[in-house]
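The values are calculated or read from the model by the stated rules, or taken from the named source; none is laboratory data. Treat the numbers as computed from the prediction; the structure is a model and nothing was measured. Glycine also receives a Cβ, built like all others from the backbone with ideal geometry; neighbour counts cover every protein chain displayed. Side chains are part of the model used for accessible areas, which takes the heavy atoms of the whole protein and leaves out ligands, DNA and RNA. Shrake-Rupley method; radii C 1.70, N 1.55, O 1.52, S 1.80 Å.
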Amino acid sequence: MLAKPDSALVIVGHGSTVNPDSSAPTFDHAEALRVRGVFGEVHCAFWKEEPSFRQVLHMVGRDDIYVVPNFISEGYFTTTVIPRELELDGALTRRGGRVIKYCEPTGNDPRMTDLLLRRAAEIAPGVDPAQTSLLIVGHGTGLNENSAVAAKREVERIAARGLYAEVLNAYMEEEPLIAKWDEYSTQPNVVVVPFFISDGLHSYEDIPVLLGIAGASPGAASAGGREVFQRNPYHLRGRTLFYASAIGTEPLFADVILEQVAAFDAVHAA
Amino acid sequence: MSRDVEKALADWLAGGGDRIGEIVIARVPEGWELRHAEDAGHADLALHAQPEAARHLANLDAAGNFRPLKTVPTLVRGWRLVLGDIAAVRRALDYFYPAMTGAWLSHTRGELVPVVLRETLGRQTGMYRVTQKLTDPQARELIDRVCAGCLKHRLWEIAAANPSSPAFPAGSLPLLCHEACNLLVAQAREVVKKAERAVT
């Protein structure tokens, strides 16, 4: 069991200026970890919200600081924005008597495979995986190239377990398009899990519209957006479809955050 | 612990501090009570007893709009938050006014270094790199427009550090802005893009 009473944990996320649910899972995981008392202190920081990346280190009391990016993959934010804004020298930064330990993003954790499988089983209870197509949905644009790579990696890992009849990648903005889910999935049951760190416009509105389970209605990304997850299953295009909320809302992400800290220590011999 | 935010907060309260932003803090038999300053003297307030309640109280304004910038004076009224100890008060304040107790401690220790806007914009990459084209008049207009709606005291200038050492009202924990926030940077992008569209 990890115990770091003399260390601080800072979980960094993207956040949003329009959608409170973007930062909500990161705050939730921080609260869960605070209750467990693993660290002397736990803080969050966001690119688009407060506390910002530029503010957060002023909140920290302890000199030994772990920074865990709550991002679905390595990419522009984890390699450029976060190190720049926190003025990091690399994995290990020593400055003004402090040691800042920059961990891998949560999405890189090997546990992600189990979390996706767990989420898929939860939203389709009693449904036989041998008659089910499992679709892992990523964003899929040039800017998020690494998130597509991470989504592909997870699909390969889940497929290798041989539980589901088929496991497929799907993207909002590149082939295979989630809008054509019924063309390339072959099973009577279809389970769709968004490979995102939080719920928001994509999971509340964009993907449901592309799937055909919701009409285009501006403003659906408000508080009522999550109702789309409560109306399972959907019967359309001759299939039974189950739609899950973003994988990052899974409470076990708190353990994934701890795992990133343990992995840092293992590599850097704390 | 090299920086003890909670001890600094306890000392400030013991010294008669009772106000931060729109919130007043009072000693009560159970510990400490926080409420909206405009609710002073009101009895019909919803009672909360966990610091995490502050996260949800601070999230939306009275009209239900999300508050990404917590120092905009749109904190909802009608609640009181009673907390047993300083650690809980600090946590609640971190939700109501993120990083402000810590920034204030850094300021008292001479560790809150203001960053001029040119430096903030100068290090932007990706979609915000274009903000480096923001002219001084555009920057001034932007600051007047965006920062006017924020309760923070701005310590930074456009190109040169603010040499004045501000005096803050006694009893009030100052909300300090040592660097332009991402909301302002995002607005700077809009200003530059709009100006470019007007030319073409």
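How much area per residue is accessible in chain A when the probe is 1.4 Å and only protein heavy atoms are counted (Å²)?
39 Å²
Antiparallel as a % of all DSSP beta bridges within chain A, to the nearest 5?
In chain A, DSSP labels about 15 percent of beta bridges as antiparallel.
Counting other Cβ atoms within 10 Å, which GluC sites (Glu not before Pro) in segment A:147-212 have at most 12 and lie in a DSSP loop?
Answer by residue number: there is no such site.
Just how far, in whole angstrom, is segment B:16-91 from segment A:1-42 if you go by their alpha carbon centroids?
21 Å
Which of the residues in segment A:9-47 lose at least 40 Å² of accessible area when you go from the chain alone to all protein chains together (probe 1.4 Å)?
Buried-area filter returns A:Thr17, A:Pro20, A:Phe27, A:Glu31, A:Arg34, A:Trp47.
Can you grab the distance from the C-alpha centre of segment B:113-160 to the C-alpha centre of segment A:98-113, Å, no decimals?
Each part reduced to its Cα centre gives a spacing of 32 Å.
Using only Cα atoms, tell me the angle between helix B:86-96 and the longest principal axis of chain B; keep it within 0 to 90° and round to the nearest 10.
40 degrees
How large is the Kirkwood hydrodynamic radius of the protein assembly as shown, in angstrom, based on all distinct alpha carbon pairs?
23.9 Å
Could you estimate the translational diffusion coefficient of chain B from the Stokes-Einstein equation, with Rh from the Kirkwood formula over C-alpha pairs, at 37 °C and 0.692 mPa s, in whole µm²/s?
178 µm²/s
Rounded to the nearest 500, what is the 222 nm mean residue ellipticity of chain B from helices alone, with -39500 (n - 2.57) per DSSP H run of 4+ residues and division by all residues?
Taken over chain B, the calculation gives -10500 deg cm²/dmol.
Grab the Cα-Cα distance for B:Arg109 and B:Ser172, subtract it from 0.36 nm times how many residues apart they are, and report the gain in nm with one decimal.
Between B:Arg109 and B:Ser172, full extension yields 20.9 nm more.
Nearest 100 Å², what total accessible surface is buried between chain B and chain A (probe 1.4 Å)?
The B and A chains share an interface burying roughly 2700 Å².
Out of the total accessible area of chain A (probe 1.4 Å, heavy atoms of protein only), what percent is carbon and sulfur?
54 percent
Mind checking the per residue accessible area of segment B:117-199 for me, 1.4 Å probe, whole number of Å²?
Spelled out: the 1.4 Å probe surface of segment B:117-199, per residue, equals 52 Å².
Which residues belonging to segment B:80-105 lose at least 20 Å² of 1.4 Å-probe accessible area when the assembly is complete, relative to their chain isolated?
The answer is B:Arg90, B:Arg91, B:Asp94, B:Tyr95, B:Pro98, B:Ala99 - residues whose exposure falls by at least 20 Å² when every protein chain is included.
Tally up the carbon and sulfur contribution to the accessible surface of chain B as a whole percent, 1.4 Å probe, everything protein left in place.
Summing carbon and sulfur atoms, their accessible area is 54 percent of the total for chain B.
Rounded to the nearest 0.05, what FRET efficiency do A:Asp182 and A:Val18 have when you use their Cβ-Cβ distance and R0 = 30 Å?
0.45
Once the piece of chain linking B:Arg123 and B:Ala46 is laid out straight, how much longer is it, given 0.36 nm per residue of separation minus the C-alpha distance between them?
That works out to 23.2 nm of additional length.
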